[in-house]
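Inspection log for the structure reproduced underneath, given as C-alpha cells.
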Amino acid sequence: MHIEIAKHGLESELLVGSRLVSMYSKSRMSAQSREVFDILPVWETIIWNTSIAGYAEDSQCEEAFQCFELVQECKVAPDSASVVSSFRACATGGDEITSKEIHMQIFKQGLQADLIETTAY
C-alpha cells in the first residue's frame, strides 16, 4: 500500500502520512513509522499523537516520552491525547520516573481539565 501511495506522491500529505504512521505503529514497525514521520512537511499535534500512541502500543516508553518532549521543543502544543498516550507507555513499561515527569508537564501546560474530560469517557 505504501509503495502505491509513494508512487502518487501522497505520503507527505498530512492525513495520508498520519495514517501510514498509524499503520506502521500498529504493525510494530517503528522504524518505518519514523521514516514516514520524518518526511512529513508539517508536524501537527495529530501526527505527534499518532507517533506517541504507536510507541505506547509497542511498550516503548522511552521513545514515547522522547516524542512528547519533542512536541514541546517544536513549539507544538501537546494535548490530552498526547498525555494519555505517554502515560500509557510509561504504565506499560513500568517507568515511574518518566510518569512523574509527564505529570509535571500536565500542570506546566495547564492540561488538567482537558485530561479529566478525556479520561472520563
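Every number in this text was worked out from the coordinates using simple rules, so none of it is lab data. The model shown is predicted, which means the values in this text are computed figures rather than measured ones. When we count neighbours, we look across all protein chains shown, and the Cβ atoms used for this are built from the backbone with ideal geometry, even at glycine.
What nm value, rounded to one decimal, do you get for the distance between Ala31 and Glu96 when each label is placed 7 Å out toward the C-beta?
Taking the simple label geometry, Ala31 and Glu96 are separated by 3.5 nm.
Going by average Cβ neighbours within 10 Å, how do the peptides 75-82, 54-61 rank, with the highest at the top?
Numbers: 75-82: 17.2, 54-61: 21.9.
Order by mean packing, descending: 54-61, 75-82.
Among Leu111, Leu70, Leu15, which comes first, then next, by fewest other beta-carbon atoms within 10 Å?
Working: Leu111 19, Leu70 14, Leu15 10.
Placing the least packed residue first, the sequence is Leu15, Leu70, Leu111.
Would you mind computing, in nm to one decimal, how far apart the modelled labels at Thr45 and Leu14 are, each placed 7 Å from Cα along Cα→Cβ?
Taking the two extended label points, one gets 1.2 nm.
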